[in-house]
Structure formats: C-alpha cells, structure tokens
Amino acid sequence: MRKLSTKQKEELQNHIAKKPIEYIELYNELYDHYASAFENGELSFEETLNELDKHFNYQKVKSINSKLLKKTKKTINDLYWREFKGFWRWPQILTTICILLIGFFLFQNISIMGFFWFIIMPLLAFNVGLNIYGPLLKSLNKVGGRKLNSAHFNVSQQYIKLPLTIFNLTTFLPIIVLSSDYPIIHFYESYPFVLFVLFTLFISSAIIGFKVFRTKIKIQYI
C-alpha cells in the first residue's frame, strides 16, 4: 500500500482547506477520505484529487456541512437525554439525591463572602474561560490558512451554559417577584421549595452538561 509523502500531505491539506468547509470534523473526514483513496488506489496523486473533486464539488460540500451540523445536534441531544435519564435512574438516583441534599445544605448555610468566592467567582471564571476557549479552539483548528469551527463545541456548549442561565434565573427571580422593600433572601426563606427546585436543576444540568461536553463522539459525515 502506498503512503503519502510529506509534500503530498501538505498539498492535500491545502487542497481540502480550499473547499467550502466550515467545521474541523468535516475537514478531517475529507482529508482521511482523500488520503485513503490514494493509498489504496492505483491512480496518481493528482488524478486521485481530480476524481474525488468531481464528487465533492462546491454544492456537495456545502450540503455535507449542513447535514454534519444536523447529525451532530441529534447525536449530542440524544446523548444529553440518555445521560439525563441515567442521572435519575436507579441506583444512581441514590447518589444523585445525596449530592443534592449535601449541596443544598451547604448552599443554605454558606456565608455571603463564601457564596461570593466559592460560587459566584468560579461561575464567572468558567463563563469567561468558555468564551476564551471558543476562539482559541478555532485558532487551534487552523488548516491551510483557514480557521475552522468545531461542530461538537458549537452544539455542546449550549448545555454547559445552561447551568449559568439557571443560576441567573435564581438570582433575578426574587427581584422580579418582590418589591424593592424586601431583601432577595426573603423570597427563598418564604419559598424554600423553589430554591431547592432551582438548585436541583442547576446541579443536574451542570453535571450532565459537563459530561456531554467532554464526551467524544464519532459521526460518519460522508
């Protein structure tokens, strides 16, 4: 079996990068497809490129881009739902309830300064880090002079941002419901069940979302 030379690998990288590819996953898939066709075929390197280009033309690649994102969304959504059901399924639900009760107890008894340093600051740092990671990941995905997005990151980041949304709701809900004459803590002292529900949603979405974000998925794009 033939192998691509270093020069041919560089030429192939630049050749694939010229196509209307939006995501690094599709770039990798096309690169592997072209490389495999040459190494397992009998045509010359240039002939292999020309033959495959007839199939993977501009419109074909644009169509694959769209299908890739749809497949990634479906896979990530299915994975999240599976992890969600597992989180509340026996026997893991015993661990889940213990984590929630311990966390809720600590949450209720934490001081204002402790709340600030151990909850607010880590959430802010995480949010800032996530916004930095996106552009950084795009820079790491630079091929053939182009910066490509990650379909996996684009889809899964919504699930790790979900806990931040719930936390913001927890913060602003008392402000919306109460008049300015009452402190925010008065709302949760009057309705502890609401706080527990929001806390449960926050913890569960944070754990499940992070697991989904870290899970490597493999999808056949072409």
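Charges were assigned to the Cβ only: +1 to each Lys and Arg, -1 to each Asp and Glu. The resulting dipole of the chain about its Cα centre is roughly 360 debye.
Scanning the chain for long hydrophobic helices, with DSSP H runs required to stretch 20 angstrom or more by C-alpha along their axis and to average at least -0.5 on the Kyte-Doolittle scale, returns 92-109, 121-140, 151-177, 192-214. Among the chymotrypsin sites (Phe, Trp or Tyr not before Pro) within region 65-161, those in coil by DSSP and having at most 13 neighbouring Cβ atoms inside 10 Å are TRP88. Taking each of LYS7/LYS218; LYS18/LYS147; LYS74/LYS216; LYS19/LYS73 in turn, the alpha-carbon distance tops 19 angstrom for LYS7/LYS218; LYS19/LYS73.
Count Lys and Arg as plus one, Asp and Glu as minus one, and take only other residues whose Cβ is under 12 Å from that of GLU46; the net charge is then -4. Ordering GLY86, PRO135, LEU198 by Cα displacement along the dipole of region 77-222 toward the positive end leaves PRO135 in first place; charges were set at the Cβ atoms of Lys, Arg (+1) and Asp, Glu (-1). Excluding the site residues themselves, the longest part of the chain lacking any trypsin sites (Lys or Arg not before Pro) in a DSSP loop with at most 14 other Cβ atoms within 10 Å is 90-215. Give the label of the value calculated from the structure for Cα extents along the principal axes in Å, choosing from [x] 64, 37, 29; [y] 45, 38, 36; [z] 77, 38, 29. It is the one labelled [z].
Does region 127-166 come out rounded, prolate or oblate, given a ≥ b ≥ c as the square roots of the eigenvalues of its C-alpha gyration tensor, rounded meaning a/c under 1.5 and, failing that, prolate meaning a/b above b/c? Oblate, since a/c reaches 1.5 and b/c is not below a/b. For the chain, adding -39500 (n - 2.57) for each run of n ≥ 4 DSSP H residues and dividing by the number of residues yields -25500 deg cm²/dmol at 222 nm.
For region 127-146, backbone nitrogen atoms closer than 14 Å to the point 7 Å from LYS18 Cα along Cα-to-C-beta are found at 144-146. In whole angstrom, how far apart do the alpha carbon centroids of region 52-125 and region 6-20 sit? Here the two parts' Cα centres lie 35 Å apart.
Throughout, read-outs are computed from the coordinates displayed, never taken from laboratory work. Everything numeric in this text was worked out from a predicted model, so none of it was measured. Positions of Cβ are backbone-derived with ideal geometry, glycine not excepted, and every protein chain shown enters the neighbour counts.
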